[in-house]
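Down below is the structure, laid out as structure tokens.
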Amino acid sequence: MRIGITCYPTYGGSGVVATELGRFLAKRGHTIHFISYAVPFRLAREFSDRIFYHEVETVDYPLLAHQLYTISLGAKMAQTIKDAQLDILHVHYAVPHAISAFLARSVLRSEKVKIITTLHGTDITLVGRSPSFFPIVRFCIERSDAVTAVSQWLKKETVREFGIRRRIRVIPNFVDTDKFRRGPTPCKRSLYVKPGEKIVMHISNFRPVKRLGDVIRTFKLIQGEVPSRLLLIGDGPDRDMARQLARQLRIQKRVVFLGKQDCIEHFLACADIFLLPSESESFGLAALEAMSCGVPVVASRLGGIPEIVIDGETGFLAEVGDVEGMAAKAIEILRNPTLARQMGQRARGLVEKKFRADFIINQYERLYFDLLSKPSKRPFTY
Ligand code: GMT
């Protein structure tokens with residue numbers, strides 16, 4: 001198949017999932033055309049003669065106060081559908097990608113290319129829900145040939161918020177279990193901790209929704225009981241607040257800010273515990289990546305997280321903002337090597353069973369083949 005993929009190319013779970021999907025599909029012999037404004041970051045070091053990248057050009061003109069990305073993307077999609085004879089155009093994150101895809105197909109006046117929209121979370125729960133976007137997002141969900149959501153929770157939210165009646169398939173996110181595992185990646189604990197100290201880790205885009213302050217406060221309690229250091233990977237608006245808080249709590253020497261990192265598997269393979277105290281999370285890809293590396297996760301009980309972190313089995317869940325509860329659970333794991341090992345093994349086992357790449361890629365591939373085998377329901381009617 002000739003498959004177009006559009007995603008946000010910078011750091012973020014939806015871009016990671018879209019890029020990995022493209023990589024794995026290319027390995028299966030499909031031709032992949034990424035359409036975006038930059039090379040997706042996990043693709044930058046990849047070579048494949050089956051993967052192409054089409055850069056969206058924006059128009060700069062004094063009259064245009066705002067960049068017309070939705071239109072520019074639609075134009076590039078239309079051109080790529082035509083030139084590369086795409087069978088499938090799979091967009092990740094509805095806003096504005098699904099809108100641009102619809103525009104592209106309308107311009108071409110053809111329903112030959114099938115549009116698949118994968119909902120990732122805030123495209124529904126935050127951006128898509130805003131009153132001005134709501135009707136257009138609902139329209140695009142309804143007009144896509146197929147819609148998938150990354151968790152059962154997100155599917156329910158979409159149906160509830162948008163009153164959607166059409167079918168939404170749940171295809172969860174996945175992880176490359178060969179890359180994300182304890183064994184092969186160099187684990188340089190000595191770079192960050194002294195012998196006997198534990199590594200507590202958090203990876204995110206440091207936006208308020210991730211509750212970085214809770215990560216710091218939880219760690220303050222943990223390090224009071226268990227010799228440990230907190231490794232923070234990522235960057236974003238709450239970085240300075242987190243530094244300041246660490247100073248205020250007098251733990252700044254125990255908190256290491258590692259900034260944005262491309263090869264997070266190298267770090268996760270060293271971690272003893274992963275914290276994800278978010279106040280909204282449709283899935284929580286970073287938690288899945290940690291689990292794939294055999295790391296127990298302590299996280300908020302909300303959104304799609306309970307679909308991957310099984311409370312008491314692969315980690316622990318607590319209510320949002322329950323810093324004491326999360327710290328107590330983390331301390332319980334860190335003090336008990338047997339529990340930590342068992343939870344890590346079960347986490348890895350769950351990922352291998354339900355979230356490994358080949359298993360999920362099969363589901364997307366089957367969906368594409370299904371759509372292509374069915375004739376268009378209606379003649380062109382826009
Ligand atoms: O948080 C965002 O808005 C970014 C977005 C993304 O593009 O990565 O994250 C969402 O999609 C991820 C990949 O499916 C999920 O793992 C995240 O849970 C989800 N974020 C939220 O729901 C807040």
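The table that follows gives values for the structure above.
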| quantity | calculated |
| --- | --- |
| All lysines inside 20 Å of K82 as judged from Cα atoms, apart from same-chain residues fewer than 8 positions distant | K112, K114 |
| Kirkwood Rh in Å, taken over all unlike Cα pairs in segment 189-354 | 15.3 Å |
| Ellipsoid equivalent to segment 1-151 - semi-axes via the Cα gyration tensor, in Å | 22, 18, 17 |
| For the chain: relative contact order, % (alpha-carbon pairs under 8 angstrom, 6 or more apart) | 14 percent |
| Cα centre as origin, Lys/Arg/Asp/Glu Cβ charges: the chain dipole, Debye | 380 debye |
| Cα-projected label distance for L371 with R243, points at 7 Å along beta-carbon direction, nm | 4.4 nm |
| Nearest-20 debye value, segment 189-354 charge dipole, Cβ charges on Lys, Arg, Asp, Glu | 620 debye |
| Spatially proximal aspartates and glutamates relative to K210 (Cα-Cα < 14 Å; intrachain offsets below 8 disregarded) | D235, D238, E279, E281, E319, D322 |
| Whole-Hz ³J(HN,Hα) from phi, Karplus 6.51 cos²θ - 1.76 cosθ + 1.60, for segment 153-169, glycine and proline x | 4, 5, 4, 4, 4, 5, 5, 5, 5, 9, x, 6, 9, 5, 6, 10, 8 |
| Normalised contact order of segment 235-382, rounded percent, pairs of Cα under 8 Å and 6 or more residues apart | 18 percent |
| All Cα pairs of segment 139-284, percent lying beyond 21 Å | 54 percent |
| Simple spin-label estimate for S280 and D60 in nanometres, 7 Å along Cα-Cβ | 3.2 nm |
| Distance violations [Cα-Cα > 21 Å] among K27/K179; K220/K253; K179/K353; K329/K353; K179/K260; K155/K354 | K329/K353 |
| Taking N as its residue count, the alpha carbon Rg of segment 165-245 over 2.2 N^0.38 Å | 1.45 |
| Signed unit charges on C-beta, dipole axis of segment 208-312, positive-most listed residue A299, I273, Q223 | Q223 |
| Full-extension gain in nm, N336 to F257, via 0.36 nm per residue minus C-alpha separation | 25.8 nm |
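Every number in this text was worked out from the coordinates using simple rules, so none of it is lab data. Values in this document were obtained by computation on a predicted structure and should not be read as measured data. As a convention, Cβ positions derive from the backbone with ideal geometry for all residues, glycine included, and neighbour counts pool all protein chains shown.
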